[in-house]
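What follows is a single structure, written as structure tokens, with notes after it.
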Amino acid sequence: MRTGILKILKQHAPAPVSGEMLGKTLGISRTAVWKHIQALKKEGYQITAFTKKGYALLEVPDKMLPAEIEEKLHTKFVGRHIHYYESVASSNDTLKQLALEGAEDGTVVVAEEQTGGHGRLHRGWFSPKYQGIWFSVLFKPPFLPQEASKITLLSAVTVVRAIRECCHVDAKIKWPNDILLEGKKLVGILTEMNAEFGHINYLISGIGINVNVPKEIVPEELRSFAISIAQVAGHNIDRVALFAKVLDYMESYYEIACREGFDPVIQEWRKYSTTLGKDVKVIAPDKTYTGKAMDIDTSGCLVVQRDDTGELETVLAGDVSIRPVHGKGKYE
Ligand code: BT5
């Protein structure tokens with residue numbers, strides 16, 4: 001109902017629409033209209049009531065409100081159930097709880113801020129209020145548990161394409177789970193899984209995009225290697241438009257992967273990779289070596305040709321950290 005009211009107000013904005021007209025069109029009483037208007041105002045919509053003329057929408061808040069996102073969405077199931085929060089500890093943790101309660105495939109949790117956002121190995125993820133897109137998407141894929149890392153690659157391709165298209169910046173993928181801009185970390189992706197032997201119950205792709213984060217508020221220890229889109233674009237980005245584009249791509253790549261297999265996604269990944277062809281240092285729990293990043297295989301493993309033996313090693317995400325061989329300035 002609220003979406004209906006908003007739609008009409010937007011069509012007429014900034015001109016007012018009478019409560020009677022809204023009520024008649026939507027089949028509700030004027031008191032009910034008034035109640036919805038109060039709720040919208042509480043969400044941050046600037047709506048003024050003019051005597052005898054009705055309600056005028058003057059400003060839409062810069063928030064990740066589901067009604068705003070849904071208006072721009074072209075998906076069938078991804079983002080069709082959006083749970084919005086002003087603040088959560090971690091969108092991944094919130095979505096895990098919803099998944100246990102039976103949330104549907106494609107359910108999304110998005111928050112304006114995270115107080116306990118995290119990356120791999122319990123590393124923290126800085127998620128300041130109203131400045132980024134901090135979200136998680138639930139999938140119940142037909143893959144095997146050992147193929148779960150495909151969702152990380154798919155998420156990376158999705159986000160990099162949406163950012164490039166919406167914001168016209170040269171974002172690149174660093175294997176396995178980062179997106180870089182000007183060599184600094186722009187996006188982090190954390191895929192988490194709930195599985196039994198041979199069967200995935202659900203996968204959660206948690207993604208943090210530094211959209212409008214100003215440099216001054218970034219903690220000192222992150223400042224030299226973290227970046228936001230606005231810092232490079234020189235202006236703030238419409239977070240809702242970018243998010244809707246991300247969800248659109250997410251669904252189309254997911255459907256391609258389910259229908260045609262993973263090759264098309266891998267091809268896209270290669271196109272935007274900043275890792276391939278680079279000299280890398282592989283730091284695994286049991287060995288450290290240098291080599292050249294040659295390719296990724298169909299399950300998302302990095303193929304590295306060792307400098308010492310010339311042999312190809314297949315590197316699984318999560319097992320290693322990749323460092324540039326030379327220099328320490330840039331993150332890639
Ligand atoms: C990641 O981990 O890069 C995955 C981060 C995933 C965050 C999303 S936000 C929505 C969802 N909910 C969550 O709780 N998580 C997901 P990792 O590769 O472990 O990198 C973590 C490291 O990135 C930290 O140790 C910092 O050095 C750095 N870092 C933290 N916040 C950052 C930020 N906003 N921008 C760039 N780098 C950051």
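Looking across Glu251, Glu221, one residue alone is acidic (Asp, Glu) and within 25 Å of Gly79 (Cα to Cα). It is Glu251.
Out of curiosity, is Arg259 free of Cβ contacts under 8 Å to residues at least 12 places away in the same chain and open to solvent by 30 Å² or more (accessible area, probe 1.4 Å)?
Numbers: free of Cβ contacts under 8 Å to residues at least 12 places away in the same chain: yes; open to solvent by 30 Å² or more (accessible area, probe 1.4 Å): yes.
For Arg259, the condition - free of Cβ contacts under 8 Å to residues at least 12 places away in the same chain and open to solvent by 30 Å² or more (accessible area, probe 1.4 Å) - is met.
Cβ contacts < 6 Å: first residue open to solvent by less than 30 Å² (accessible area, probe 1.4 Å), restricted to segment 104-126; second residue assigned to a helix (DSSP H, G or I) and within 8 Å of the ligand (Cβ to nearest atom), any location; separation 6+ or different chain. Result? From residues that are open to solvent by less than 30 Å² (accessible area, probe 1.4 Å), the pairs are Val109/Ser91; Ala111/Ser91.
Here's the yes/no breakdown for (1) crowded, with 18+ Cβ neighbours inside 10 Å; (2) over 21 Å from Glu70 (Cβ atoms); (3) at pLDDT 95 or above:
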site	(1), (2), (3)
Arg2	no, no, no
Pro16	yes, yes, yes
Leu22	yes, no, yes
Arg30	no, yes, no
Ile37	yes, no, yes
Gly44	no, no, no
Ile47	yes, no, yes
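Number of residues in segment 168-222 that are of a type in the set (Ser, Thr, Tyr) and surrounded by fewer than 22 Cβ atoms within 10 Å (Cβ to Cβ) equals 1. If the condition is being aromatic (Phe, Trp, Tyr) and either closer than 17 Å to Leu247 by Cα or near the ligand (Cβ under 8 Å from one of its atoms) (or both), then segment 106-133 contributes Trp125, Phe126. Of the residues in segment 156-177, at least one is more than 17 Å from Ser228 (Cα to Cα) and more than 15 Å from the ligand (Cβ to nearest atom). In segment 223-242, what residues are within 12 Å of the ligand (Cβ to nearest atom) and open to solvent by less than 50 Å² (accessible area, probe 1.4 Å)? Ala226, Ile227, Ser228, Ile229 - these are the residues of segment 223-242 that are within 12 Å of the ligand (Cβ to nearest atom) and open to solvent by less than 50 Å² (accessible area, probe 1.4 Å). Every condition in (1) open to solvent by 50 Å² or more (accessible area, probe 1.4 Å); (2) under 21 Å from Phe243 (Cα atoms); (3) assigned to a helix (DSSP H, G or I) holds for Asp62 except the one numbered (3).
Screening Lys150 with (1) farther than 21 Å from Ala226 by Cα; (2) buried (at least 24 other Cβ atoms within 10 Å of the Cβ); (3) in contact (Cβ under 8 Å) with a residue 40 or more places away in the chain gives one miss only, at (2).
Kindly establish whether Ala148 is under 15 Å from Val246 (Cα atoms) and either in contact with a Leu (Cβ under 9 Å, 6 or more places away or on another chain) or more than 10 Å from the ligand (Cβ to nearest atom) (or both). Criteria not met by Ala148. Taking every residue in segment 178-202 that is assigned to a strand (DSSP E or B) and more than 10 Å from the ligand (Cβ to nearest atom) and pairing it with any residue that is among the hydroxyl-bearing types (Ser, Thr, Tyr) and modelled with pLDDT of 95 or more, at least 6 positions away or on another chain, the pairs with Cβ-Cβ distances below 8 Å are Met193/Tyr202; Asn194/Tyr202. Only helices (runs of 4 or more DSSP H) whose full extent lies in segment 221-285 are considered here, and the ones with at least 1 residues that are within 16 Å of the chain's Cα centre (by Cα) are 229-233, 239-260.
The values are calculated or read from the model by the stated rules, or taken from the named source; none is laboratory data. What you see is a predicted model; the values in this text were computed from it and never measured. Positions of Cβ are backbone-derived with ideal geometry, glycine not excepted, and every protein chain shown enters the neighbour counts. Remember, those area values only see protein heavy atoms, side chains included, never the ligands or the DNA or RNA. Shrake-Rupley method; radii C 1.70, N 1.55, O 1.52, S 1.80 Å.
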